[in-house]
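Chemist: Before I ask anything, here is the structure I am working with.
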Amino acid sequence: MQKILCANNISKSYGDKEVLKDINLTLDEGELVCLLGVSGVGKTTLFNILSGLMKPDSGEVLLKKSYSNDERRKEDIDKEYDTESFEDDFLDITGVSGHISYMLQKDLLLPHKIVIDNAALPLVISGMSKKEARDKAASYFERFGLSGTEKKYPVQLSGGMRQRVALLRTYLCGNSVALLDEPFSALDTLTRASVHEWYLKVMEEIKLSTLFITHDIDEAILISDRICILKGQPAGITDEIVIDEPKPRGQDFVLSDKFLEYKRRIKLML
Amino acid sequence: MSKKYSDNKNKKYMDIVVPCIVLVAVLVIWQLACTFSLVPSYMLPSPVRVVKAFINDFDLLMQHAKTTLTEAVLGMVLGVLLGFVSAALMDAFKVVRQGLYPLLVLTQTIPPVAIAPLLILWFSYGIAPKVVLVVLVSYFPIAIGLLEGFESVDCDLIFLLKSMNASRWQIFWHVKFPSALGEFFSGLKIAASYSIVGAVIAEWLGGFNGLGVYMTRVKKSMSYDKMFAVIFFVSAISLILMAVIKLIQKKAMPYKYIRKQDE
Ligand SMILES: Nc1ncnc2c1ncn2[C@@H]1O[C@H](COP(=O)(O)OP(=O)(O)OP(=O)(O)O)[C@@H](O)[C@H]1O
Ligand SMILES: [Mg+2]
């Protein structure tokens, strides 16, 4: 497998409070990695850094060059960062946003835009015409279980629906790496299972690599290739566990001893 | 849910009925006080006389109102434009904000009545000094309302747009401006009442036309009934202006007025 995203020795503090220390993390192409950790440990902070929205105090975030977004922007960055880049085929995106699709912890739907325009926002931002963007976004509504909500305003949607709109919006950002901060937390078990299934399929189709955060250990074991445990104060990646089980993983796996064994190990690590 | 909804409706109904009862009661007491000569009739005309004065002078009042409204609306439009531009600049450049904001607050401590004579000296007796005064009084609530709106935007929303590689302009257009609309309209409502008052004050101090000019004339002839008529008329105009703004707001921000249960 090929590395697509590397975070090297990331440290970050808020004022005097050290939150992250010497985080090393890699993501392979097509891999689904889960970040597990108790509330307040620094998961969202790490995501903000990986997405380039925040600058770490030290350390760097590298993205495989061929997977970076926007050509023009890429050239600009090459000029600026080339001498600092350690590996030739990696681009230093530390503190540079726009290369990675990011679904934030809150759904952050814009209250003044109807649902379809919310979903199509990344397309419009990237320069597509409003009509074209709407058409493209509309073609996904059924698969996301959002049919009929196109013309509604976000306040008229349930929490689970809002989350699916946010997921669709993130998907339409169209980058090869996605960071999802608790993407399925507001979904009921049945909807969640179907969204999982859909997401795994999409990942394979478009060779998407995903790093996601969850508080649900069962969910982590069910869909991840690998689970990273973020722990401590300041937090580091204390453990990594590879879930060695072919996908899709069904009900049999959930009820198997193997599943329970994974669960037991993770609980001990947390 | 439906119980809460009908309660809500009931409350809204009461919100209208109670003040109406109070208003009618005040008018009745007033009328009775005049009929039984509890107060000298030349000092406090009865409501009926006020209404009669209004009807008699209706054409004249409308003509003056046209001038006052022109000044108020023109001044407000200019105030909105100026307020918008300066709020956007203050939001975009920290230096502008640091330099301009204290100055803005300082100018607000100067009462408009105090500068109106100066404006008349500068711009003479036409419509210009009135418009300038209205611009001055309506500018502040709009600039501050918009600035606060721009700054109250959830910074995660800005993060989201940045993660989509949005430009500063796109962030402004898709997030900041729409989020500030609520504050903008609150500021606009305040500006509307200020601007009518501002125009009338400027007219008091000199001019040929306008409700303020009418006021000074009827004061000189000691027609108390006409004075009362024009006072109520001015407040009615302010109320109507605010209602119009509310209507525009409803059109501009439909999402603010939908409830979840509506389909
Ligand atoms: N902007 C900030 N300024 C100061 N401290 C912050 C800021 N953002 C987060 N923190 C602190 O950093 C720590 C990590 O926060 P973070 O949001 O990354 O946690 P998290 O792991 O995502 O938690 P949760 O699972 O509850 O979302 C917390 O203790 C929080 O109080
Ligand atoms: Mg978090």
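The values are calculated or read from the model by the stated rules, or taken from the named source; none is laboratory data. All values reported here derive from a predicted model rather than from experimental measurement. Cβ coordinates were reconstructed from backbone atoms using ideal geometry, including for glycine residues, and neighbour counts include every protein chain displayed. To get the accessible areas, we keep the full protein, side chains included, count just its heavy atoms, and leave off ligands, DNA and RNA. Shrake-Rupley method; radii C 1.70, N 1.55, O 1.52, S 1.80 Å.
Chemist: Can you tell me which residues in segment A:230-266 are within 20 Å of A:Glu18 (Cβ to Cβ), buried (at least 17 other Cβ atoms within 10 Å of the Cβ) and among the β-branched types (Val, Ile, Thr)?
Modeler: Listed by number, the list holds a single entry, A:Ile237.
Chemist: Suppose we filter A:Ile213, A:Ile217 for residues that are within 15 Å of ligand 1 (Cβ to nearest atom), farther than 24 Å from A:Ile10 by Cβ, away from chain B (no Cβ under 14 Å) and modelled with pLDDT of 85 or more; which single one remains?
Modeler: Matching residue, one of A:Ile213, A:Ile217: A:Ile217.
Chemist: Could you say whether any residue in segment A:173-184 is touching a Pro at 6+ places or on another chain (Cβ under 6 Å) and not β-branched (Val, Ile, Thr)?
Modeler: Within segment A:173-184 (the criterion being touching a Pro at 6+ places or on another chain (Cβ under 6 Å) and not β-branched (Val, Ile, Thr)), the answer is yes, since at least one residue qualifies.
Chemist: For residues that are hydroxyl-bearing (Ser, Thr, Tyr) and open to solvent by 50 Å² or more (accessible area, probe 1.4 Å), scanning just segment B:218-240, find the one that is farthest from the other protein chains (Cβ to nearest Cβ).
Modeler: Once the filter is applied, the top-ranked residue is B:Ser221.
Chemist: Collect the residues in segment B:100-133 that are small (Gly, Ala, Ser) and open to solvent by less than 50 Å² (accessible area, probe 1.4 Å), keeping them in residue-number order.
Modeler: B:Ala116, B:Gly126, B:Ala128
Chemist: Please pick out the residue among A:Thr149, A:Thr170 that is at pLDDT 90 or above, over 27 Å from A:Asp216 (Cα atoms) and among the hydroxyl-bearing types (Ser, Thr, Tyr).
Modeler: A:Thr149
Chemist: Let me ask something additional. For segment A:160-188, enumerate the residues that are open to solvent by 40 Å² or more (accessible area, probe 1.4 Å) and more than 11 Å from chain B (Cβ to nearest Cβ).
Modeler: Passing the criteria: A:Met161, A:Arg162, A:Tyr171, A:Ser185, A:Ala186, A:Asp188.
Chemist: Same structure again: How many of the residues in segment A:35-60 are away from ligand 2 (no atom under 14 Å from the Cβ) and not small (Gly, Ala, Ser)?
Modeler: So the answer is 4.
Chemist: A:Leu211: within 16 Å of ligand 2 (Cβ to nearest atom), within 25 Å of A:Tyr140 (Cβ to Cβ) and crowded, with 21+ Cβ neighbours inside 10 Å, yes or no?
Modeler: yes
Chemist: So which of A:Ile241, A:Ile237, A:Ile227, A:Ile206 is in contact (Cβ under 8 Å) with a residue 60 or more places away in the chain, within 16 Å of A:Asp28 (Cα to Cα) and away from chain B (no Cβ under 14 Å)?
Modeler: Exactly one of A:Ile241, A:Ile237, A:Ile227, A:Ile206 is in contact (Cβ under 8 Å) with a residue 60 or more places away in the chain, within 16 Å of A:Asp28 (Cα to Cα) and away from chain B (no Cβ under 14 Å), namely A:Ile227.
Here is a yes/no grid of residues against (1) more than 14 Å from chain A (Cβ to nearest Cβ); (2) crowded, with 19+ Cβ neighbours inside 10 Å; (3) not in a helix (DSSP H, G or I):
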site	(1), (2), (3)
B:Val175	no, yes, no
B:Glu183	no, yes, no
B:Ala191	yes, yes, no
B:Gly207	yes, yes, yes
B:Thr216	yes, no, no
B:Met242	yes, no, no
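Residues are listed down the side, and each one gets a yes or a no for (1) near ligand 1 (Cβ under 10 Å from one of its atoms); (2) more than 29 Å from A:Lys247 (Cβ to Cβ); (3) part of a strand (DSSP E or B); (4) without any contact (Cβ under 8 Å) to a residue 40 or more places away in the chain:
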{"site": "A:Ala7", "(1), (2), (3), (4)": "no, no, yes, no"}
{"site": "A:Ser11", "(1), (2), (3), (4)": "no, yes, yes, no"}
{"site": "A:Asp22", "(1), (2), (3), (4)": "no, yes, yes, no"}
{"site": "A:Thr45", "(1), (2), (3), (4)": "yes, yes, no, yes"}
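Chemist: Here is a list: B:Val85, B:Val77, B:Val113, B:Val105. Which entry is of a type in the set (Val, Ile, Thr) and touching a residue at least 40 places away in the same chain (Cβ under 8 Å)?
Modeler: B:Val113
Chemist: Okay, next question. All but one of (1) aliphatic (A, V, I, L, M); (2) crowded, with 19+ Cβ neighbours inside 10 Å; (3) over 17 Å from B:Phe84 (Cα atoms); (4) within 14 Å of another protein chain (Cβ to nearest Cβ) hold for B:Ile171, so report the exception by its number.
Modeler: (3)
Chemist: Kindly check whether there is at least one residue in segment B:38-46 that is touching a residue at least 60 places away in the same chain (Cβ under 8 Å) and open to solvent by less than 80 Å² (accessible area, probe 1.4 Å).
Modeler: Yes, segment B:38-46 contains at least one residue that is touching a residue at least 60 places away in the same chain (Cβ under 8 Å) and open to solvent by less than 80 Å² (accessible area, probe 1.4 Å).
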